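To start, the structure itself, in structure tokens.
The values are calculated or read from the model by the stated rules, or taken from the named source; none is laboratory data. Every value quoted in this text rests on a predicted model; they were computed, and no experiment measured them. Positions of Cβ are backbone-derived with ideal geometry, glycine not excepted, and every protein chain shown enters the neighbour counts. What goes into the accessible areas is simple: the full protein's heavy atoms, side chains included, and nothing from ligands, DNA or RNA. Shrake-Rupley method; radii C 1.70, N 1.55, O 1.52, S 1.80 Å.
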Protein chains: 2
Amino acid sequence: MYEKYVKILKDHTLKVTSPRLEILKYLDEHHIHPNVEEIYSALKKKHPSLSRTTVYNSLETLKKNKIIRSLTISGSELRYDIEEGMHHHFICTQCGAIIDIAISCPNMDRTIQGGHRVEEVQGYFKGICKKCQTKEKGRNNNG
Amino acid sequence: MYEKYVKILKDHTLKVTSPRLEILKYLDEHHIHPNVEEIYSALKKKHPSLSRTTVYNSLETLKKNKIIRSLTISGSELRYDIEEGMHHHFICTQCGAIIDIAISCPNMDRTIQGGHRVEEVQGYFKGICKKCQTKEKGRNNNG
DNA sequence: TACTAAATTGTAATCATTACAAATTAGAAA
DNA sequence: TTTCTAATTTGTAATGATTACAATTTAGTA
């Protein structure tokens, strides 16, 4: 059940610890781009001894090893995502949801931009998500 | 001297106030993507009565009116930029500088992405800037 | 010139994140 | 298997950006 995550950690020569496994599993099974608090409260249920600081520390370690990445899209808190295949993100300014956007962009794979060495690319789109647009229509129709 | 900024505010039916004019002028003359503190301390010198809260409020107003935009690229604080022509941003993880990147991307002008209504697009590139790369080389050569 | 809604100001929260030191533990070595 | 140690986890106490809020001031209109 955790073999997959054990392997990931070992492949990066990281110590295999319970918090790291649980965080990895959580991010792998919940592609909702959670913030630290969401991860913490979800895992705290099963592991009451878990510390918030550990979540911060573990996320930082996983990020440094490029196993996960953090998104600054919200502007007020970091959101986390498993690293799998390049994609961009959309945030709904109404409901706050962060949604994967599968697009390819000629600039994504450029390792040099304007003479600067690029190590990470993030495309952020902001607006109203499909779901919230439907709600809008519903409100209009119903008065 | 301030006519340009007066006009911008009036065109948006915003009240013309000293803080707004000064902030606009500052952003127009300093394309360094400053944070609130930088703007505040720079303007505080000339206008000792200026309040930090006013800087926050004014920036928010200017942002809502799409006169300026905020960047979440740093992850720890908002950075501000005058709205003029679509461009993306590069942040140097070494020196912290945020640099304009003039690129065109087919996704930039898309108003729909995956069914979501897009109102804002931001492309963030992270890595080592040209200047810091030169410094690296210098260090290597000298020792 | 007087009026009023909006803007400015200062102080006091709030909230995400970091600093730090003590306790625990994973994994290597014996 | 046991021992050892550096790395990790934990909890509490800062820090720092941002927001809330109430009092004061002011831009623009009547």
Determine, yes or no, whether B:ILE67 is within 30 Å of A:ASN107 (Cβ to Cβ) and away from every other protein chain (no Cβ under 13 Å). yes
Does the range B:59-75 hold any residues that are buried (at least 16 other Cβ atoms within 10 Å of the Cβ), in contact (Cβ under 8 Å) with a residue 40 or more places away in the chain, within 13 Å of DNA strand C (Cβ to nearest atom) and of a type outside the set (Val, Ile, Thr), and which are they? B:LEU62
Does B:SER41 satisfy the criteria of being within 10 Å of DNA strand C (Cβ to nearest atom), among the polar types (S, T, N, Q), over 13 Å from the mean Cα position of the chain (by Cα) and over 22 Å from A:CYS105 (Cβ atoms)? no
Which pairs do you get when a residue that is free of Cβ contacts under 8 Å to residues at least 12 places away in the same chain and farther than 19 Å from A:HIS47 by Cα, found in the range A:4-20, comes within reach of a residue that is within 11 Å of DNA strand C (Cβ to nearest atom) and open to solvent by 40 Å² or more (accessible area, probe 1.4 Å), reach meaning Cβ atoms under 7 angstrom, with the pair 6+ apart or on two chains? A:LYS10/A:VAL16
Select from the range A:77-95 the residues that are more than 15 Å from B:VAL118 (Cβ to Cβ) and either of a type in the set (S, T, N, Q) or modelled with pLDDT of 95 or more (or both) and list them in ascending order. A:GLU77, A:LEU78, A:ARG79, A:TYR80, A:ASP81, A:ILE82
Would you check if A:ILE103 is open to solvent by less than 30 Å² (accessible area, probe 1.4 Å), within 20 Å of B:HIS88 (Cβ to Cβ), outside the structural domain of A:GLU136 (by TED's automatic domain parsing) and in a loop (DSSP other than H, G, I, E, B)? no
Take the residues of the range A:81-94 that are among the aliphatic types (A, V, I, L, M) and over 13 Å from A:LYS131 (Cα atoms): which is most open to solvent (accessible area, probe 1.4 Å)? A:MET86
Considering only residues that are within 16 Å of DNA strand C (Cβ to nearest atom) and within 9 Å of chain A (Cβ to nearest Cβ), which ones fall in the range B:76-106? B:SER76, B:LEU78, B:THR93
Filter the range A:107-130 down to the residues that are more than 7 Å from every other protein chain (Cβ to nearest Cβ) and within 24 Å of B:GLU119 (Cβ to Cβ) and list them by number. A:MET108
Quick test of your reading of the structure: A:ARG52 fulfils all but one of (1) crowded, with 17+ Cβ neighbours inside 10 Å; (2) without any contact (Cβ under 8 Å) to a residue 60 or more places away in the chain. Name the failing condition by number. (1)
Quick test for you: out of B:LEU21, B:LEU78, B:LEU43, pick the one residue that is in contact with a helix residue (DSSP H, G or I) (Cβ under 8 Å, 6 or more places away or on another chain), over 19 Å from B:TYR124 (Cβ atoms) and either within 12 Å of DNA strand D (Cβ to nearest atom) or open to solvent by 70 Å² or more (accessible area, probe 1.4 Å) (or both). B:LEU21
In the range B:109-131, anything open to solvent by 20 Å² or more (accessible area, probe 1.4 Å) and part of a loop (DSSP other than H, G, I, E, B) is listed as B:ASP109, B:ARG110, B:THR111, B:GLY114, B:GLY115
For the range A:57-98, enumerate the residues that are in a loop (DSSP other than H, G, I, E, B) and touching a His at 6+ places or on another chain (Cβ under 6 Å). A:ASN65, A:ILE73
